[in-house]
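Colleague: One structure coming up, written as structure tokens, with questions to follow.
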Amino acid sequence: MDSLALQTVPNPNGAYPLSKYTNILGTPGLTAFVGMEGLIKGKEEKTLFVSSGASSVGSLVIQLAKMKGMRVIASAGSDAKVKHMQSLGADVAFNYKKESYESALQQHGPIDAFWDNVRVEALDAALAYSRPHARFKICGTSGTDNVPHGNRYELKNAYQIMKKRLKIEGFLVPDYIPEFGGRFFQEVPALVAQGKLQSTESTIGETWDDVPQSIINMLVSGHETVGKPVVTVANV
């Protein structure tokens with residue numbers, strides 16, 4: 001359990017508001033960083049597809065991939081989130097409620113890597129339009145989290161895993177903290193302070209009574225809130 005020991009994130013000259021520690025300087029940022037370094041291993045001129053690219057994790061994945069010279073395709077469920085992904089450097093950003101995953105990847109693929117935050121149709125399309133030996137990192141399953149088991153989407157392209165010799169791996173952040181955690185605390189706060197990495201936090205309430213709605217907003221697909229929803233219950 002040493003990898004889960006509490007650590008103090010550097011804050012050069014008081015550069016960060018506390019809300020940043022709910023996002024890019026906290027667990028979402030750590031998730032994106034260790035996953036990119038440990039699993040995706042991005043290379044120049046390779047194409048990465050990230051689902052839920054406007055989420056707190058997806059937003060940093062886009063930026064880290066661009067810093068590695070990758071071409072990025074990103075999806076989200078609203079036009080406001082598409083604009084947000086474009087502002088982060090996504091080469092192709094689309095609203096999956098207006099353009100299907102299959103259509104977008106057929107037009108802009110094939111892909112060399114996939115960062116999966118949702119599963120469902122996004123994963124199926126990625127399997128269909130990936131190159132041989134592509135890397136898939138399974139980070140979340142938000143597309144099925146609130147769907148009864150019997151109604152969940154079933155993969156149609158699973159046979160592509162064998163056919164294309166794909167590398168598909170799920171991960172939990174603690175698995176990679178011993179190897180990459182130190183680099184996160186050393187590199188990411190400095191990049192944020194330099195303005196080279198960005199994050200957006202949306203304050204949606206100021207009392208404990210606002211917490212339930214913030215959770216609902218986060219889980220509702222296509223909600224217009226962009227960035228990490230934050231409820232400020234006290235200023236200290």
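The values are calculated or read from the model by the stated rules, or taken from the named source; none is laboratory data. Please read all numbers here as calculations on a predicted model, not as lab measurements. Note: ideal-geometry Cβ built from the backbone for every residue, glycine included; neighbour counts use all protein chains shown.
Colleague: Specify the residue that is surrounded by the most Cβ atoms within 10 Å (Cβ to Cβ); the eligible residues are those in the range 47-102 that are in contact (Cβ under 8 Å) with a residue 60 or more places away in the chain and β-branched (V, I, T).
Modeller: V50
Colleague: Does G58 qualify as being touching a Cys at 6+ places or on another chain (Cβ under 7 Å) and either among the β-branched types (V, I, T) or assigned to a helix (DSSP H, G or I) (or both)?
Modeller: So G58 fails the test.
Colleague: Please determine whether any residue of the range 70-87 is assigned to a loop (DSSP other than H, G, I, E, B) and within 17 Å of Q198 (Cα to Cα).
Modeller: No, the range 70-87 contains no residue that is assigned to a loop (DSSP other than H, G, I, E, B) and within 17 Å of Q198 (Cα to Cα).
Colleague: Which of the numbered conditions does F114 fail, given that it passes all the others? Conditions: (1) touching a Ser or Thr at 6+ places or on another chain (Cβ under 9 Å); (2) modelled with pLDDT of 95 or more; (3) closer than 22 Å to V192 by Cα.
Modeller: (3)
Conditions tested, residue by residue: (1) among the aliphatic types (A, V, I, L, M); (2) touching a strand residue (DSSP E or B) at 6+ places or on another chain (Cβ under 6 Å); (3) under 17 Å from A126 (Cα atoms); (4) not assigned by TED's automatic domain parsing to the domain that holds A113.
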residue	(1), (2), (3), (4)
A74	yes, yes, yes, no
K81	no, no, no, no
A93	yes, yes, yes, no
E99	no, no, yes, no
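Colleague: Continuing with this model, one more query. Name the residue, out of A122, A74, A104, A128, that is at pLDDT 95 or above, in contact with a helix residue (DSSP H, G or I) (Cβ under 6 Å, 6 or more places away or on another chain) and under 25 Å from N157 (Cβ atoms).
Modeller: Only one candidate qualifies: A74.
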